[in-house]
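Written out below as C-alpha cells is the structure these notes cover.
All of the numbers you see were taken from the coordinates with simple rules; none came from a lab. Keep in mind the model is a prediction, meaning the values are calculated, not measured. Neighbour counts run over all protein chains shown; Cβ positions are idealised from the backbone, glycine included.
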Amino acid sequence: MIFRKISIIGTGLIGGSIALSLRQSKEYNFTITGFDTNPDALNLALELGAIDKKADSIEEAVKDADVVFLCTPISEILQQLHTVSKHVKPGTVITDVGSVKKIILKEAEKIKNDVYFIGGHPMAGSERKGILSADPFLFENAVYVLCPKFNVPIKMVNEFIELIKLTGANIILLDPEIHDRIAGYISHLPQLIAVLLVNTVGSMGPDYLSLSGGGFKDLTRIASSQFEIWHDIISFNREKIIEALDNFINGLSKYREIIKSDKIGELKSEFDNAFKLRNEIPSSRKGFLNVLYDVFIMVEDKPGVLSKISTALYKGGLNIKDIELLRVREGIGGTFRLSFGSESDARKAIEIINELGYKVFTR
C-alpha cells in the first residue's frame, strides 16, 4: 500500500474512530499524526493510542502526509481544503467525512491539480461525541460512500479503497448529487423526525416519556445528537431535506386522512409493504464493492446457543462479518441474521449450522 503517513484533522468521534480502526488492523503499518483545535482532545487521542504523534498546527500535521482526513464540521472542511492543499506534497490524497458531498466537491474543484481529493462519508456514528467515544469497530460493515474528484487516477482511487477497507466498512462509489438526496432521506430526515417526536411527546408532560418503552427509545436514540454537527448538515443540504420533509408530510397527511375517515383497513397494505422493505434492508447491498451474504437461523431461547454456533463457525474457518437479532420471544426463541463475505462462506455456514441441528435458511 502506498499510504503510510496519515494525518487526522479533528480527533473527535469520527476522526478518532478512523485512527483507531486503522491502527488495530492486521495490516497496520502507518504513522498517524493528529491535529485538533482542542488541545485536550489532541492529548487524549495520543494517550489512547489513536495517533502516534500530535502536531501544533494543520500545516505541521499535513506537510509529509500521504493521506489527510478532514474530520470536522462541513463549514470547517470547506476552509481547511484550501489550507491543507497548499501545504501538502504533490500526489497527496485529501478526503473528508462530511455528511453532505456536493458543496464539498464543488469547493474541491478550486484546489491545485497535483493534489487529489476523494470525498468521503462513513455512514456510521453515535449520538455521543468526542475522542472518548471513539470506537475502532464503528465502521465495521457500515456503508462508506466515496465521491472522487474527476482528476483522481483510478489507480489512486483503488489504493484509497484498500485503505478504507481496513476499517471494515463496505464501500460504495456515488455521484455527490445522488448521495445528498439519499442522505437527506435516510439520515437527515430521520434525525429531524426523532427530534420532533421527542419534543412532541415531551411537551405533553413527564408522564408520557416515563412510560416510553424500547420501541420509542430505539426510534428516538439519535435525538440525543449534538446540534453543533447538524447545523452545517441541515444548512448545506436544505434543498434535499425539504424535498424529503415534503414527501414525509404528504405521507403523514395521507395516514391522518385514513384514520380520520375510519378506513383503518387501508393501512394494511402500508404495513405489509413496510414489513417487506424493512426485511430486505440487510440484503440490499447491490451498490457495495463488498457484497455480504446473509444466513438466517432460528434458535431456541437457551443459554449458550449463540456461542455454540459462533464457535462451530470459527472452527470451520469462517468469519462472521455482521450479526443481527431480528426477532425474539422470551422463553421460546428467535431469529438471527449472520452475514458472510462470500457466497461460498455462506453455503459452508449453512452446512455447519445444519449439522448442529438448527433451522437455517437464506433469502
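What the phi angles of the range 43-59 give under the Karplus curve with 6.51, -1.76 and 1.60, with θ = phi - 60°, is a coupling list of 5, 5, 4, 5, 5, 7, x, 6, 10, 8, 7, 10, 10, 8, 7, 4, 4 Hz, glycine and proline written as x.
Among 301-310, 168-177, 249-258, 204-213, how do they line up from the highest to the lowest mean number of other beta-carbon atoms within 10 Å? Intermediate results must be reported in sequence, preceding the final value.
Numbers: 301-310: 12.9, 168-177: 18.7, 249-258: 11.4, 204-213: 9.7.
Highest-to-lowest ranking by the protection proxy: 168-177, 301-310, 249-258, 204-213.
Relative contact order, whole percent, for the range 179-245 stands at 56, derived from Cα pairs under 8 Å and 6 or more residues apart. Projecting the Cα atoms of G214, A244, T200 onto the charge dipole of the range 179-245, computed from C-beta unit charges around the Cα centre, puts G214 farthest toward the positive end. Only Cα pairs under 8 Å and 6+ residues apart enter the sum, and on that basis the relative contact order of the range 5-174 stands at 24 percent.
Computed from Cα positions, the angle between helix 305-315 and the longest principal axis of the chain comes to roughly 50 degrees. Phi-derived couplings, Karplus 6.51 cos²θ - 1.76 cosθ + 1.60 at θ = phi - 60°, listed residue by residue for the range 344-350: 5, 5, 5, 5, 5, 4, 4 Hz, with x used for Gly and Pro. For helix 154-165, what angle does its Cα long axis make with the longest principal axis of the chain, in degrees from 0 to 90 and rounded to 10? The angle comes out at about 60 degrees. Within the range 102-175, the chymotrypsin sites (Phe, Trp or Tyr not before Pro) that combine a DSSP coil assignment with at most 11 other C-beta atoms in a 10 angstrom radius are F150.
Can you give me the relative contact order of the chain as a percent, contacts being Cα pairs under 8 Å and 6 or more apart? Let's see the in-between values first.
Numbers: 593 pairs, mean separation 45.6, N = 363.
13 percent.
Note on the range 179-245: with charges restricted to the Cβ of Lys and Arg (+1) and Asp and Glu (-1), its dipole about the Cα centre is near 100 debye.
DSSP bridge analysis restricted to the chain gives an antiparallel fraction near 50%, rounded to the nearest 5.
Rounded to the nearest 20 Debye, what is the dipole magnitude of the chain about its Cα centre when Lys and Arg each give +1 and Asp and Glu each give -1 at the C-beta?
Values: 44 positive and 46 negative charges, 139 e Å.
Its charge dipole is roughly 660 debye.
Working from label points 7 Å from Cα in the Cα-to-Cβ sense, the E257 to N319 distance is 5.2 nm.
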